[in-house]
Amino acid sequence: MSSTRTPAPVSNFIRAIIDADLARGLHNRIVTRFPPEPNGYLHVGHAKSICLNFGLAEDYQGQCNLRFDDTNPEKESDEYAQSIQEDVRWLGFQWSGDVHWASDYFDALYDFAVELINKGLAYVDDLSAEEMREYRGTLTQAGRNSPYRDRTVAENLDLFARMKAGEYADGAKVLRAKIDMASSNINMRDPAIYRIRRAHHIRTGDAWCIYPMYDYTHCISDALEGITHSICTLEFEDHRPLYDWVLDNLSIACHPRQYEFSRLELHYTITSKRKLLQLVNNQQVSGWDDPRMPTISGMRRRGYTAAGIREFSRRIGVSKSGNSVDMAVMEGAIREDLEAIAPRVVAVIHPLRVTITNFEGAAEREADFHPQHPELGSRVVSFGRELVIEADDFAEVAPPGWKRLSLGGEVRLRHSYVMRCDEAVKDEAGRVVELRCSIDHATLGKNPEGRKVRGVIHFLSCEHALPAEIRLYDRLFTVPAPDADKEVDFCTYLNPRSLTVVPGWVESSVKDAAPETRYQFERLGYFCSDRRDHQPGGKLVFNRTVTLKDSWTKEAGSL
RNA sequence: UGGGGAGUCGCCAAGUGGUAAGGCAACGGGUUUUGAUCCCGUCAUUCGUAGGUUCGAUCCCUACCUCCUCAGCCA
């Protein structure tokens, strides 16, 4: 369940290109693709790419493929492939037709390599990896030709066939494109396009011992699928000439165009798969779907909505400039969606006991789940002699601007009476442990006469409240750019207070909430019952998705 | 110091030879039995810097500065 409103797409350079291509009749319809390698869980950066590629296909009534770039069996697993599909679907997108795999094209890829060899554009090289590095030259110095560069076509054909047949050890030989060892673009200095690697592949098993490289595979996969716009991140800009070289030299009619946009950086988070994996392996977090993780599954478990993430993606736009987006943009997008859809209920996280001295028995009152959406229904709010309120809502002496409860002061109990605090009971240490208050019986559903009560606080009747585990999440890192400094380990910036678990109380209407049910706990924030640990009717576990905007804390902080 | 990119408000981001959209944040004010939401208003004489072309430049030209990126048999 999410808000359905779909704002107009934001103009960006890729849409401009597509508009122009369509206008001059280069394509009738566009075909994009989202091409992850199944070597990890998807994160918020991938969400941007997913929203871009699938979103473009939707807007232009084209299609978007999901294609796994599974050319490096050593790093890939089916668990990852499954999670990626689940994440894409959860985000609200459906790929065109079946899932595609680069490994579907292994035979075709092999044949194309033979074509390159026949054209004298590829050769088998016996140089070791270290030797190849030496021969490659540097950023400022041209490389040198490999001594094996001039093998005949026949010899190359034979050698490549024998590579495939498993006659050589891993790493003994590679197939290289014959381009230009003096190119100022290092990617063009005879890049390796096939390597020998005896590893079990998640789909082809042990059928192959040679695997094609990314640069060679990606462009051909795109062409074979009729992709019109192949969109990737900026670090592949230097690879575009190679992308084009491969397609220009092969007998494939289709030649997709590659466009690059800048990857997402989000304040206070990291989006490096390697580093996220490190957090998981070192148990700094509970797993890939820990609610503090910027993974799609983590954000989901935290309570972020798919519509909210899509809206975030729309708001940040697409460009080629370096960027680092404020968390506030994400939180704003999530809040906007939750504001519209989340039922309001009451929870008390840091309880302070209140006894109502002039009340006996019990009382009930009906209250809507949402102030603007009565169609969400209502529930019963119980009142009694023993209550709990939020400890933060009481101050013996009201600071300037205070609208909550103070000794001798009055406050409105949400959906209930106006209450005055008559006495604060303290323990030996001088801490307030209980309040003795009285209510104005004439204020249920109406304002008191002759005076104005400004503040409203929430409360729970002790008799009716249910215990719940409340998980309060804060940012995972203490600095905006944890991995900016290459000299400092990003883990040193881990926020020790990123998770606080507190025993709290919730109103009885949430008792049977299914896992992954979202609420607004009034005045506290948006919360979501935990996907894994929450048990309807049993142990209740809620994750704080995001706080409400809070102008009081800000004001108080600046006093 | 080679190649490839990028520099427009605190953070994103449109835009174009004709006089700077929008969002987020921020700041004022109104409504409110959530200090939420909602509503109203304010927020770049200026587009990395310096020159030049032009009636006119953020947009064209030149030079410079800053940042990012590339030397895997990873993707």
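Every number in this text was worked out from the coordinates using simple rules, so none of it is lab data. Just so we're clear, the structure is a prediction, and the values are computed from it rather than from any experiment. Every residue, glycine as well, gets a Cβ built from its backbone with ideal geometry; the counts of neighbours run over all protein chains shown.
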*Take A:Val502, A:Val453, A:Val174 and order them by how many other Cβ atoms sit within 10 Å, fewest up front.*
A:Val502, A:Val453, A:Val174
*Looking at the stretch A:347-458, what % of its DSSP beta bridges pair antiparallel, to the nearest 5?*
75
*Quick one: work out the % antiparallel among DSSP beta bridges in chain A, nearest 5.*
70
_Degrees between helix A:106-118 axis and first principal axis of chain A (Cα, 0 to 90, nearest 10)_ = 40
_³J(HN,Hα) computed for each position of the stretch A:510-521 - Karplus, 6.51 cos²θ - 1.76 cosθ + 1.60, integer Hz, glycine/proline x_ = 8, 3, 9, 4, 6, x, 6, 9, 9, 9, 9, 7
*Run the quick spin-label model on A:Arg133 and A:Ser11: label points 7 Å from Cα toward the beta carbon, then report their separation in nm to one decimal.*
4.8
*Just grab the label-to-label distance for A:Gln94 and A:Lys554, each label 7 Å out from Cα along the Cβ direction, in nm (one decimal).*
4.2
*the stretch A:261-284 to the stretch A:418-493: how many Å between their Cα centroids?*
33
_Please compute the contact order of the stretch A:105-214 in relative form: average sequence separation of alpha-carbon pairs under 8 Å and at least six residues apart, divided by the residue count, as a percent._
26
*Expressed in nm², what is the orientationally averaged projection area of the convex hull enclosing the Cα positions of chain A?*
32.0
*Quick one: what are the phi-derived ³J(HN,Hα) couplings along the stretch A:254-268, Karplus 6.51/-1.76/1.60 with θ = phi - 60°, whole Hz, x for glycine and proline?*
7, 10, x, 10, 8, 10, 10, 10, 7, 6, 7, 10, 10, 3, 6
*asked:* Beyond a 20 Å Cα-Cα separation, which of these cross-linked pairs lie in this structure: A:Lys275/A:Lys320; A:Lys119/A:Lys178; A:Lys48/A:Lys320?
replied: A:Lys275/A:Lys320
*Identify, among A:Phe112, A:Gly298, A:Ala342, the residue whose Cα sits farthest towards the positive end of the charge dipole of chain A, taking +1 on the Cβ of Lys and Arg and -1 on the Cβ of Asp and Glu, with the dipole about the Cα centre.*
A:Ala342
*Pull up all non-local amide H partners of A:Ser378: gap of 5 or more, or a different chain, and H-to-H distance under 5 Å with H placed in the peptide plane.*
A:Phe369
*Relative to the longest principal axis of the C-alpha atoms of chain A, give the angle of the C-alpha long axis of helix A:306-316, reported between 0 and 90° and rounded to the nearest 10°.*
70
*Figure the gain on full extension for A:Glu79 and A:Asp248 (residue separation times 0.36 nm, minus the Cα-Cα span) and round it to one decimal in nm.*
57.2 nm
*Note down the nm distance, to one decimal, between modelled labels 7 Å out along Cα→Cβ at A:Ala154 and at A:His441.*
11.2
_Difference of contour (0.36 nm per residue) and Cα-Cα distance, A:Arg162 to A:His27_ = 44.5 nm
_Estimated Rh, the stretch A:347-458: Kirkwood, alpha-carbon pairs, angstrom_ = 14.9
*Per residue of chain A, what 222 nm ellipticity follows from adding -39500 (n - 2.57) for every DSSP H run with n ≥ 4, rounded to the nearest 500?*
-7500 deg cm²/dmol
*asked:* From zero outward in steps of 5 Å, how is the percent of C-alpha pairs of the stretch A:139-254 spread across the bins?
replied: 2, 10, 17, 19, 21, 17, 11, 3, 0
*Which of A:Ile14, A:Ile220 comes first, and how do the rest follow, when ranked by fewest Cβ neighbours within 10 Å?*
A:Ile14, A:Ile220
*Please list, in chain and number order, the residues 5+ apart from A:Thr233 or on another chain whose amide H is under 5 Å from its amide H, with Hs placed from the backbone.*
A:Phe261
*Helix A:44-59 sits at what angle to the longest principal axis of chain A, using alpha carbons and giving 0 to 90 degrees rounded to 10?*
80
